[in-house]
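The values are calculated or read from the model by the stated rules, or taken from the named source; none is laboratory data. Quick caveat, the model's predicted, so the values are computed rather than measured. When we count neighbours, we look across all protein chains shown, and the Cβ atoms used for this are built from the backbone with ideal geometry, even at glycine. For accessibility, only protein heavy atoms count, side chains too; no ligands or nucleic acids. Shrake-Rupley method; radii C 1.70, N 1.55, O 1.52, S 1.80 Å.
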Amino acid sequence: DDEPLVVVIDDAHWIDAPSTEVVARVSQTAEEHALALVIAYDATLVDDRHPLARLRSTAIARRGVRDIELGDLTRDDVEALLRDRYGCLPGKRLADWLHDLTEGSPLFVEQYLTSLETQGVLRRDDGRWTLDGSIDGQPGAWELHGALEGAHTPDTLLELLRPRVAD
């Protein structure tokens with residue numbers, strides 16, 4: 001009760017109905033305690049029938065509840081994310097291409113970078129991250145080379161996440 005506590009539920013678009021009941025109970029008394037409850041989710045993956053939508057509709061009317069919508073990443077945001085994640089830009093045009101491919105969706109950017117790492121297209125060589133390949137061209141007419149050219153490039157975030165969600 002004396003120490004502030006922040007609870008973060010990330011990727012809450014995957015939450016089930018029983019879990020939203022727990023969140024609802026905690027949120028009812030959050031203001032009485034030093035508690036901040038942060039629920040992060042992709043609004044495009046939550047329709048009106050989703051348990052999270054029901055929770056949100058009742059919670060938003062409470063004092064102290066804020067709804068903060070984050071926009072998509074700009075090209076500069078993607079570059080900053082790459083620098084933060086890898087300590088450098090692993091590829092010359094990677095930020096431009098990745099921003100165009102993902103339309104700035106933060107979740108898509110994160111998941112796709114993880115996919116490229118898993119495929120060995122982004123890898124650590126001698127303590128520095130590198131991109132196995134190069135990117136030329138411009139939006140709508142990108143030319144990929146090296147291992148990047150042969151890597152699986154999903155058309156949508158859902159295509160990238162489908163194998164994980166199936167489990």
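Within region 1-140, what percent of beta bridges assigned by DSSP are antiparallel, to the nearest 5?
On the way: 4 of 9 bridges.
So the antiparallel bridges in region 1-140 amount to around 45 percent.
What a 1.4 Å probe finds exposed on region 10-167 is 49% carbon and sulfur by accessible area, rounded to a whole percent.
Rolling a 1.4 Å probe over the protein chains gives L35 an accessible area of about 40 Å². Mean residue ellipticity, 222 nm, helices only, the chain: the sum of -39500 (n - 2.57) across DSSP H runs of n ≥ 4, divided by residue count and rounded to 500, is -12500 deg cm²/dmol. For G146, the residues whose amide H sits under 5 Å from its own are S134, ignoring neighbours fewer than 5 places away on the same chain, with H placed 1.01 Å from N. Helix 106-118 and the longest principal axis of the C-alpha atoms of the chain enclose an angle of approximately 50°. With the whole protein complex present, T102 retains an accessible surface near 10 Å², based on a 1.4 Å probe.
Evaluating 6.51 cos²θ - 1.76 cosθ + 1.60 at θ = phi - 60° for every residue in region 32-38, the Karplus couplings come out as 6, 10, 7, 10, 10, 10, 10 Hz, glycine and proline recorded as x.
The alpha carbons of the chain give a radius of gyration and a Dmax of 19.4, 57 Å, in that order.
Based on the alpha-carbon gyration tensor of region 17-111 and its eigenvalue square roots a ≥ b ≥ c, which shape applies: rounded if a/c is under 1.5, prolate if not and a/b is larger than b/c, or oblate? Because a/c hits 1.5 or more and a/b exceeds b/c, region 17-111 counts as prolate. With all protein chains in place and ligands, DNA and RNA left out, the 1.4 Å accessible area ranks S57, S19, S105 as S57, S19, S105, largest first.
Couplings 3J(HN,Hα) of region 83-100, computed from phi: 5, 5, 6, 10, x, 6, 9, x, x, 4, 10, 4, 5, 4, 5, 5, 5, 5 Hz, in residue order, whole Hz [Karplus 6.51 cos²θ - 1.76 cosθ + 1.60, θ = phi - 60°; x for Gly and Pro].
Legend: calculated FRET efficiency, V65 to H145, from the Cβ-Cβ distance at R0 = 30 Å, rounded to 0.05, equals 0.05. Helix 157-166 and the long axis of the chain differ in direction by around 60°, with both axes built from C-alpha atoms. Between V38, A59, L82, the Cα set farthest toward the positive side of the dipole of region 15-88 (charges on each charged residue's Cβ, about the Cα centre) is that of A59.
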